[in-house]
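Let me begin by presenting the structure, written as structure tokens, before commenting on it.
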Amino acid sequence: MTDTFPAGAAAPFSRITIRVAALVFCGDDVALIRRDRPTSTHYTPIGGNVETGEDVLAALGRELHEELGLDLGKASAPELLWVVDQMVSRPGPAPSPRKLHLIHRVHVTPRVRAGLATVEYDELPDGTHEVGHIEWRDYRTTRDLPIFPPIGPALAGLSAPHAAITDAGLPAVTDDNYTWIV
């Protein structure tokens, strides 16, 4: 059997998108975006897609500024914590991209945290915005949170907010082990 796609459309997972994200720590608390939808609530780290030709760290700084109001110069140097390979079918007419999530860690002081955003507005395809609430949680309580990519167990398993990481590769997220939250 041959799959067919609209003229000019790519097959699912035939294109790769890079997404940068940051776990912003202030002591034992980590900032996550909580999105409340009619049928679900889920969390994401602060971040977004790297634009064509954009440097990864520049993209990280841009996303932190856009979503949290954080000037990267007021945080610790970004440290690559984990890489997550995502090949999950999403609902909708467009073929699902393969996405590599580059998850970094930065630390801020309580003074910097006090000046950060408490909400984030994500533009939707129709021009409206979905509101995300910035929620600070003790990182040790994230194991069972619906976080995407599913990093809760790894995050909760850190021995400390500055703990060294020996393996940056987390398990791939596929249709076999994840169901897309609508």
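What the chain shows is 53 Å² of accessible area per residue, with the surface traced by a 1.4 Å probe over protein heavy atoms.
Between Arg15 and Leu124, the modelled label-to-label distance comes to 2.2 nm, taking each label 7 Å out from Cα in the direction of the beta carbon. Against the main long axis of the alpha-carbon atoms of the chain, helix 56-68 sits at an angle near 70°. Name the shape class, rounded, prolate or oblate, that the alpha-carbon gyration tensor gives for the chain, where a ≥ b ≥ c are the square roots of its eigenvalues, rounded holds for a/c under 1.5, and otherwise prolate holds if a/b is larger than b/c and oblate otherwise. Verdict is prolate for the chain.
Dividing the mean sequence gap of close Cα pairs (under 8 Å, 6+ apart) by how many residues the chain holds gives a relative contact order of 29 percent. When the Cα atoms of the stretch 60-141 are aligned to their principal axes, the ranges along those axes come out at 45, 30, 27 Å in descending order.
Over the chain, DSSP H runs of length four or greater, each weighted -39,500 (n - 2.57), average out per residue to a 222 nm ellipticity of -3500 deg cm²/dmol. Considering only beta bridges that DSSP places wholly inside the chain, some 70 percent are antiparallel. To put it simply, the accessible area of the chain at a 1.4 Å probe is 54 percent carbon and sulfur. Label zone (His42, point 7 Å along Cα-to-C-beta; backbone nitrogen cut-off 14 Å) within the stretch 145-182: 145-152, 173-182. Distance from a point 7 Å along Cα→Cβ of Ala168 to each backbone N in the stretch 63-88: keep the residues under 11 Å and list them by number. It comes to 79-84, nothing else. Restrict the search to the stretch 84-172; then list the trypsin sites (Lys or Arg not before Pro) that DSSP places in a loop and that have at most 13 other Cβ atoms within 10 Å of their Cβ. Those satisfying the criteria are Arg143.
The values are calculated or read from the model by the stated rules, or taken from the named source; none is laboratory data. The structure displayed is predicted, hence computed values, not measured ones. Neighbour counts are summed over all protein chains in view; Cβ atoms, including those assigned to glycine, are modelled from backbone coordinates with ideal geometry. The accessibility values were calculated without ligands, DNA or RNA, using every heavy atom of the protein model including side chains. Shrake-Rupley method; radii C 1.70, N 1.55, O 1.52, S 1.80 Å.
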